[in-house]
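Undergrad: Let me begin by handing over the structure; questions about it come next.
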Amino acid sequence: MNWNLREAARALDMTEREILRLVREGTLPACRVNDQYLFNPVELQVWGAERNRRMAPDVIPPNGEPPQMLSLASAIERGGIHYDIAGSTRTEVLDAAAHLPGVPAHVDRELLAEVLRSREALASTGIGSGIAIPHPRDPVVLHVDSPIILLCFLARDVDFKAIDGEPVRVLFMLLSPTVPLHLRLLSRLAHALHDDVLCQLLAERPARDVILTRIRELETRMNGSEPEGRP
């Protein structure tokens, strides 16, 4: 499911001329087929998250997913929170993350590691502030039944070639059953990572319950049950 120029411009709330300029500068990922630029929606979402942009709210349809499938906290509970992930390079860290127990048993670990490395070779998933969001370029290739997020704290800082040049300390590895669901979860995660309290918690590496409690609080606000002004 690729987007054309008009769809990409609408998704990023930019003009088509701005999109073309960024593509020609090599800043925005795209491929050219029959004189037409096509855009991978997952890559656009990551690109927008790296630059503090948010997808237009009506671009990604609900697609009928049960509410629990859209929950960051539930996805993290499925994947688990893991500490002291070994590795001194991006490749080593991604290989280690691909073999964690939070990955469903039926998923081929070597295939997962390969698709994560391939995605990283296209452009860094480091979004800045010591955080990266590795994921397959095509979410459906692994055939998972439910969205899964593995939250990984690295044993050491690793250079992911992030946009701000800061080494990565924390990974949110996303595995999703569908592209629309992947995009919506990624959008929610990007929103949550704007929260100063959550970012401070991630820097401190607290217990699992502390992190999940804060994420649930943020999701309650995202769902409109609390006023946005709450710190």
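Read the figures in this text as sums done on the coordinates, not as results from a lab. Computed from a predicted structure; not experimentally measured. Don't worry about glycine lacking a Cβ; one is built from the backbone with ideal geometry, like all the others, and counts go over all protein chains shown.
Undergrad: Exactly one condition in (1) buried (at least 21 other Cβ atoms within 10 Å of the Cβ); (2) within 25 Å of Arg208 (Cα to Cα) is false for Pro104; which is it?
TA: Answer for Pro104: the failing condition is (1).
Undergrad: Filter the range 114-134 down to residues that are in contact with a His (Cβ under 8 Å, 6 or more places away or on another chain) and over 17 Å from Leu154 (Cβ atoms), then give me how many there are.
TA: The total comes to 1.
Undergrad: With the requirement that a residue be surrounded by 13 or more Cβ atoms within 10 Å (Cβ to Cβ) and either out of contact with any helix residue (DSSP H, G or I) (no Cβ under 9 Å at 6 or more places or on another chain) or under 14 Å from His82 (Cα atoms) (or both), what does the range 186-202 give you?
TA: Cys199, Leu202
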